[in-house]
1. Report the local net charge at B:Val13: Lys and Arg +1, Asp and Glu -1, summed over other residues whose C-beta lies under 12 Å from its C-beta.
2. So, with +1 on the Cβ of K and R and -1 on the Cβ of D and E, and no other charges, what is the size of the charge dipole of the stretch A:3-87 about its Cα centre, to the nearest 20 debye?
3. Quick one: which residues, 5+ away or cross-chain, put their amide H under 5 Å from the amide H of A:Val49? H built at 1.01 Å from N.
4. How big is the Cα convex hull of the stretch A:3-87 in projection, averaged over all directions, in nm²?
5. Would you list A:Glu15, B:Glu85 from fewest to most Cβ contacts within 10 Å?
6. Could you check the spin-label model distance between B:Ala55 and B:Val11? Points 7 Å from the Cα along Cα→Cβ, value in nm.
7. Which of the trypsin sites (Lys or Arg not before Pro) found in the stretch B:1-61 are in a DSSP loop and have at most 13 neighbouring Cβ atoms, other than their own, within 10 Å?
Number of protein chains: 2
Amino acid sequence: MDKLDAMRMFVRVVESGSFSQAARDLNVSQPTVSKQLAALEARLGTQLVARNSRALAVTPAGQDYYEATVRILQDLDFVEERVLEGQSVPSGLVRVTLSPAFRPYRGRH
Amino acid sequence: MDKLDAMRMFVRVVESGSFSQAARDLNVSQPTVSKQLAALEARLGTQLVARNSRALAVTPAGQDYYEATVRILQDLDFVEERVLEGQSVPSGLVRVTLSPAFRPYRGRH
DNA sequence: TAAAAATACTCCATAGGTATTTTAT
DNA sequence: ATAAAATACCTATGGAGTATTTTTA
């Protein structure tokens, strides 16, 4: 799965307080959530959520990661929406100035 | 591929000015870069880079996306490094206060 | 004609699902 | 006894590679 989707999954887990509920919310199976969370934790080398089969508790690392993740996903959603809607044309020259290595785009030729 | 990796790929393309060069930098094949960029653009419904087989030009949408992407990837790298290093325990109570729905984590029982 | 990007094609790894087991209230 | 998470197992999709073709300076 996409790591970003795993992050969204994690956010849903934290906010719903349940793997099963998160699974329902996201229309995936419960094992999928289980496995993705485990994979995410493995990559990070840290437990994000303490399981207890009846209750979940977010670890300090999990809390940190949760907050960052929410911000990151929001940022991403914002740009993608802008781009999707073609709102990405601010003040032509400014963008060109910010451009790193290339001449400004002037369309196909 | 992971969307985040595709974003890193895009960043490398923009900064190197070449699909082939980006591929070399990232130790993947050139078609991989080609396909991932295409997939990314498809998802966004927008062209990010104007190809020209001899020169690339970043489109305005591409520039917007590039800037956001750099920020996002940096943010992500930062948290992940913190978490990886167990630096995520700031001021105990503050974290607990910020926590949304659950009781603070007190370790296994 | 030389370079870079796109396309065709193949193969394998992984992500997801269903079924089941384990755990704890 | 019930509800939730973990584990086992299987399958299929898609992501990566190699080889080739297309394109344009």
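A short reminder: the numbers here are calculations on the coordinates, not readings from a lab. Quick caveat: nothing in here was measured; it's all calculated off a predicted structure. Here the Cβ positions follow ideal geometry from the backbone for every residue, glycine too, while neighbour counts run over all protein chains shown.
1. +1
2. 480 debye
3. For A:Val49, the qualifying residues are A:Thr59.
4. For the Cα atoms of the stretch A:3-87, the hull's average projected area reads 5.7 nm².
5. B:Glu85, A:Glu15
6. Using points 7 Å along Cα→Cβ, the separation is 2.7 nm.
7. Sites meeting the loop and neighbour criteria: B:Arg54.
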